[in-house]
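Engineer: The structure under discussion is supplied below as structure tokens; questions concerning it will follow.
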Amino acid sequence: QVQLVESGGGLAQAGGSLRLLCVVFQSTSSTYDMAWFRRAPGKEREFVGGINWNGARTYYADSVKGRFTISRDNAKKEMYLQMSSLKPEDTAVYYCAAGPMVAVETSGYNYWGQGTQVTVSS
């Protein structure tokens, strides 16, 4: 079984930075591809970016490319989302997810965290 727990959300000003953390708790040694999604008020959950199992490849939505960076530390079983140049439209609940491969669809993931709120003020 796999459990994902996000933290690091909060309030930031436009142009500021935040770093989100996703910790993986699991009873097996399997390593998954992972991703960050977000859901803004009144909108569907959308893909933010993903990272393959060993961190060699990363993928980003156009809306965050150049501003957000995803990384992971498998020894610590942690994944990170470094967010810079934040905009008010980045306000959302951010979720981490784990699955067999990076996908933009939510159906591509087996495990989800509970989410962490990010609010960006103008």
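The values are calculated or read from the model by the stated rules, or taken from the named source; none is laboratory data. Note that the coordinates shown come from a computational prediction; the quantities given were computed from them, not determined experimentally. All Cβ positions, even for glycine, are placed from backbone atoms using ideal geometry, and neighbour counts span all protein chains on display. For accessibility, only protein heavy atoms count, side chains too; no ligands or nucleic acids. Shrake-Rupley method; radii C 1.70, N 1.55, O 1.52, S 1.80 Å.
Engineer: So which of Glu78, Glu46 ends up being open to solvent by 20 Å² or more (accessible area, probe 1.4 Å), more than 21 Å from Gln1 (Cβ to Cβ), of a type in the set (D, E, K, R) and within 14 Å of the chain's Cα centre (by Cα)?
Structural biologist: Glu46 is the lone residue from the list that is open to solvent by 20 Å² or more (accessible area, probe 1.4 Å), more than 21 Å from Gln1 (Cβ to Cβ), of a type in the set (D, E, K, R) and within 14 Å of the chain's Cα centre (by Cα).
Engineer: Kindly establish whether Ala56 is under 14 Å from Asp33 (Cβ atoms) and surrounded by 14 or more Cβ atoms within 10 Å (Cβ to Cβ).
Structural biologist: Taking the combined requirement at face value, the residue does not satisfy it.
Engineer: Name the residue that is farthest from Met34 (Cα to Cα), counting only residues in segment 90-118 that are polar (S, T, N, Q) and surrounded by fewer than 16 Cβ atoms within 10 Å (Cβ to Cβ).
Structural biologist: That would be Gln117.
Engineer: Report, by residue number, each residue of segment 7-43 that is closer than 23 Å to Asp62 by Cβ and crowded, with 17+ Cβ neighbours inside 10 Å.
Structural biologist: Listed by number, the residues that qualify are Gly9, Ala12, Leu18, Leu20, Cys22, Asp33, Met34, Ala35, Trp36, Phe37, Arg38.
Engineer: May I pose another question? Show me the strands (runs of 3 or more DSSP E) found entirely inside segment 14-122 where at least 2 residues are in contact with a strand residue (DSSP E or B) (Cβ under 6 Å, 6 or more places away or on another chain) and touching a residue at least 40 places away in the same chain (Cβ under 8 Å). Spell out the reasoning first.
Structural biologist: On the way: elements: 18-26, 33-39, 46-51, 58-60, 68-73, 78-83, 92-99, 116-121.
So the answer is 18-26, 33-39, 46-51, 78-83, 92-99, 116-121.
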